[in-house]
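The values are calculated or read from the model by the stated rules, or taken from the named source; none is laboratory data. Source: prediction; values computed, not measured. Using ideal geometry, Cβ is built from the backbone for each residue, glycine included, and neighbour counts are taken over all protein chains shown.
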Amino acid sequence: MKSFDVEINPSLQMNSIKVADIPDLTEMTMCMWLKIGSAWDDTGNKLMYLVAYDVDHSDQMTTNSFFAGLNDDKQLVFGIGNSAPPCNFDASDLMDSVWHHICLVWDGSANSGYTSYYKDGNQVKFQECPHGRRTGGSELQLGGGGRAESVEMTGFYLWNRMLREFEIADEAKECDTGTGGPVVRWRDFFNSVRKDQSLRTFVTTISRCYFGIQLFRETLSVKSARDNPER
């Protein structure tokens, strides 16, 4: 299968793309590649869902839901259920029109529950989040919410376990060569993407993310050489 990237853009009247038959989860890791522009409205008081599980027909959370999204405070939001407060992580450094790899690792089996946030293979923050079990059988969707900005995404994977740090570091090395989650793989969305004519989709031999991170790494290498010349 060729690689594909999608643009989450409500102005295109996008219908969320979905996969079904998610199992019960008491812990999980979700990872994805994102490219977010710098123009972000901080007055809209709306949430953009990057991924959401078991939402109702009005796009609202249920007691069994979990989601990851972006809010008007430039935060990455991870929520469990519809009553407990979500965990918020600063995402302002993601909004630079550069591809970044992010992961959220949730342990719902702990007494208090906790979530770790990783950016580009490195842990950024660890904090308590609600614990519990997400009952399987409902749908997982990409996209949704009421924001007007566009976000490009590729390589979303979901595991029913907590990945270790070296595994997350490996996932962040390349856009197209991740090991893939046993619960949901990026290719599981392909048929749904192709059927949605309102969704802006880029089907290529190699993900556009690959060229983006290669350019970013070359820029960092040049900067490092300039800042640290050989004596």
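Considering only residues in region 139-192 that are of a type in the set (D, E), within 21 Å of A52 (Cβ to Cβ) and assigned to a loop (DSSP other than H, G, I, E, B), the one that is modelled with the lowest pLDDT turns out to be E149.
Which of the residues spanning region 66-76 are crowded, with 20+ Cβ neighbours inside 10 Å and closer than 13 Å to K125 by Cβ? Within region 66-76, L76 is the sole residue that qualifies. Checked across region 129-136, the condition of being assigned to a strand (DSSP E or B), modelled with pLDDT under 85 and over 15 Å from the mean Cα position of the chain (by Cα) holds for at least one residue.
When region 99-124 is filtered for residues that are hydrophobic (A, V, I, L, M, F, W, C) and either modelled with pLDDT of 90 or more or within 14 Å of the chain's Cα centre (by Cα) (or both), the ones remaining, listed by number, are W99, I102, C103, L104, V105, W106, V124.
Contact annotation: residue pairs with Cβ atoms under 9 Å, 6 or more positions apart or on different chains, pairing a residue in region 44-69 that is on the phi > 0 side of the Ramachandran plot and assigned to a strand (DSSP E or B) with a partner that is hydrophobic (A, V, I, L, M, F, W, C) and modelled with pLDDT of 75 or more, are D54/I22; D54/F66; D54/L140.
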